[in-house]
1. Ordered by packing density, taken as the mean number of other Cβ atoms within 10 Å over each peptide's residues, highest first, how do 128-140, 172-184, 10-22, 150-162 rank?
2. Run the numbers for Lys108 and Thr54: contour at 0.36 nm per residue of separation, minus the present Cα-Cα distance, in nm.
3. Under a point spin-label approximation (7 Å from Cα along Cα-to-Cβ), what is the Ser23-Ser135 distance to one decimal in nm?
4. Taking amide H positions as placed 1.01 Å from N in the peptide plane, with prolines and chain starts having none, which residues 5 or more places from Thr144, or on another chain, fall under 5 Å of its amide H?
5. Below 12 angstrom from the Cβ of Val129, what's the summed charge of the other residues (Lys, Arg +1; Asp, Glu -1)?
6. Each label point is 7 Å from the Cα along the Cα-to-Cβ direction; what then is the distance between the points at Asp123 and Gln186, in nm?
7. What length, rounded to one decimal in nm, is gained on full extension from Asp89 through to Val13, with 0.36 nm per residue of separation minus their alpha-carbon distance?
8. Can you return the lysines within cross-link range of Lys111? Criterion is Cα-Cα under 19 Å, with same-chain partners fewer than 8 residues away left out.
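The values are calculated or read from the model by the stated rules, or taken from the named source; none is laboratory data. Source: prediction; values computed, not measured. Glycine also receives a Cβ, built like all others from the backbone with ideal geometry; neighbour counts cover every protein chain displayed. Note: areas computed on protein heavy atoms with side chains; ligands, DNA, RNA excluded. Shrake-Rupley method; radii C 1.70, N 1.55, O 1.52, S 1.80 Å.
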Amino acid sequence: MQFTMFQKIGLSVLIFAWLVFGSNFLADKLFTIENTPMETAATETMQEPVAKVTEDVVEEAVVEAVEATVVEAVASGTNGLNALLASADMDFGVKMFKKCKACHTVDKGGKNKVGPNLWNIIDRAQGGVEGFKYSSPMSALSGTWSLEELNTFLTSPSAYVKGTKMMFKGVGDDEDRAALLLYLNQQSDSPIALP
Ligand code: HEC
């Protein structure tokens, strides 16, 4: 059989088209018939572990975050302070008070100097010494100097009372402050019970 050039071209185009569409059709069939159940199975088996892993990772991260917060709270909070007080040294506290002596007396009935007398300071009313002229931000305080409050105040007085006239940068070291608090607690008619 003789084909003209045009017929040949037409035929090849037809064959080519058939091949392309045919294989596409075949692939579609294969995919839909064979792959769909596999795909479903894969989705079922794969998604679960993936979800589980994600859940585990999230859970772990949450647990870690909570633990970190608790550790931090313990270290800086009451429990941490209690632990520091339990191991604090009284003699060291006496030494630490030298930092305060320029401005404060701590003996019973001691006079006010640049700062108020500090006898009975633990659990005393904040800004509560009669006749001492406090700055207005300090006289505006209405709480008491609990160990925790005093601990925070002494870390950085100007951060605790913005605008205080206590010109003292604070005692940055936790153990130093604990020793100081231990000493101050003793300068009282009724020292509070420490852990
Ligand atoms: C340079 C002087 C100066 C030094 C040093 C100083 N203070 Fe003060 N302190 C003051 C003044 C002034 C006030 C009053 C602040 C105000 O009215 O804002 C004050 C207030 C206080 C108060 C609050 C008293 C109350 O009646 O509410 C406490 C507690 C205190 N000082 C403890 C200390 C301790 C402990 C030290 C040593 C670690 C110290 N201060 C070092 C000047 C000083």
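1. Going by the mean number of other Cβ atoms within 10 Å, highest first, we get 172-184, 150-162, 128-140, 10-22.
2. 13.1 nm
3. Computed distance between label sites Ser23 and Ser135 equals 8.4 nm.
4. Those lying under 5 Å, H to H, from Thr144 are Gln126.
5. +3
6. Inter-label distance under the simple model: 1.9 nm.
7. Once the chain is fully extended between Asp89 and Val13, it gains 17.5 nm.
8. Lys98, Lys99, Lys101, Lys133, Lys165
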